[in-house]
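Colleague: Handing you a structure now.
Values in this text are rule-based calculations from the coordinates and carry no lab data. Nothing here was measured: the structure is a model prediction, and the numbers come from that model. Every residue, glycine as well, gets a Cβ built from its backbone with ideal geometry; the counts of neighbours run over all protein chains shown.
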Amino acid sequence: MSAPAAPEIAELEEQERRLTLPRFTHEDAWALGTLLVELARERGAPVAVDIRRGGQQLFHAALPGSTPDNDAWIDRKRRVVERYGCSSLLVGSRFRAKGTTFEDSSRLDPDTYAAHGGAFPITVTGAGVIGTVVVSGLPQVEDHKMVVEALEKFLTT
């Protein structure tokens, strides 16, 4: 079975516009992180979850089956969001749409940056991108979809 196809660039951009938060506190980070852990546990997903605001890590969890490599992927994907201000999947998709890859054309060290799905900007109305939420452990499109699903649920609570 092949991995699911990445959403189109327009859909990824729409997700980011739609998933803007009115605020983001320490308590919000706990609630969003806990929601992601619950989703992962329901699915038996061997993921690590990381949420940061600015340079501060507000939430981190490593579920059974995740490894230290997941933490390294989290860091690499998070740096892409911090540098480009949009999801790591969107950044990689934009490079592929130009007929190239992030690794070949970004001029950034692939040991430090990874434009693979799973890192999403935490955007607050009136403030812009203030942090990141990252999942690592599944195929990249599934990592991305889990974050989007959690943000959608978080916004309705």
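Colleague: For segment 1-122, what's the relative contact order in percent, using C-alpha pairs closer than 8 Å and at least 6 residues apart?
Modeller: That works out to 23 percent.
Colleague: Top mean-square fluctuation among SER136, SER88, SER66, Gaussian network model of the chain, C-alpha springs under 10 Å?
Modeller: SER66
Colleague: Rounded, prolate or oblate: which fits segment 104-147 when a ≥ b ≥ c are the square roots of the eigenvalues of the alpha-carbon gyration tensor, with rounded for a/c under 1.5 and prolate only if a/b beats b/c?
Modeller: It comes out oblate by the Cα gyration axes.
Colleague: Could you tell me which of rounded, prolate or oblate describes segment 39-90, using a ≥ b ≥ c as the square roots of the eigenvalues of the alpha-carbon gyration tensor, with rounded for a/c under 1.5 and, failing that, prolate when a/b is larger than b/c and oblate otherwise?
Modeller: prolate
Colleague: Would you kindly calculate the mean projected area, averaged across all directions, of the convex hull enclosing the Cα atoms of the chain, in square nanometres?
Modeller: If you wrap the Cα atoms of the chain in a convex hull and average its projections, you get 9.2 nm².
Colleague: Can you give me the P(r) profile for segment 1-67? Cα pairs, bins 5 angstrom wide beginning at 0, each as a whole percent.
Modeller: Distribution as computed: 3, 14, 17, 18, 22, 19, 6, 1, 0 percent.
Colleague: With each pseudo-label sitting 7 Å past Cα toward Cβ, what's the THR112-ALA97 distance in nm, one decimal?
Modeller: Placing both labels 7 Å beyond Cα along the Cβ direction yields 2.7 nm.
Colleague: Shifting gears a bit: If the elastic network links every pair of Cα atoms under 10 Å, which of THR123, THR25, THR132 fluctuates the most in the Gaussian network model of the chain?
Modeller: Looking only at THR123, THR25, THR132, the largest GNM fluctuation is found for THR25.
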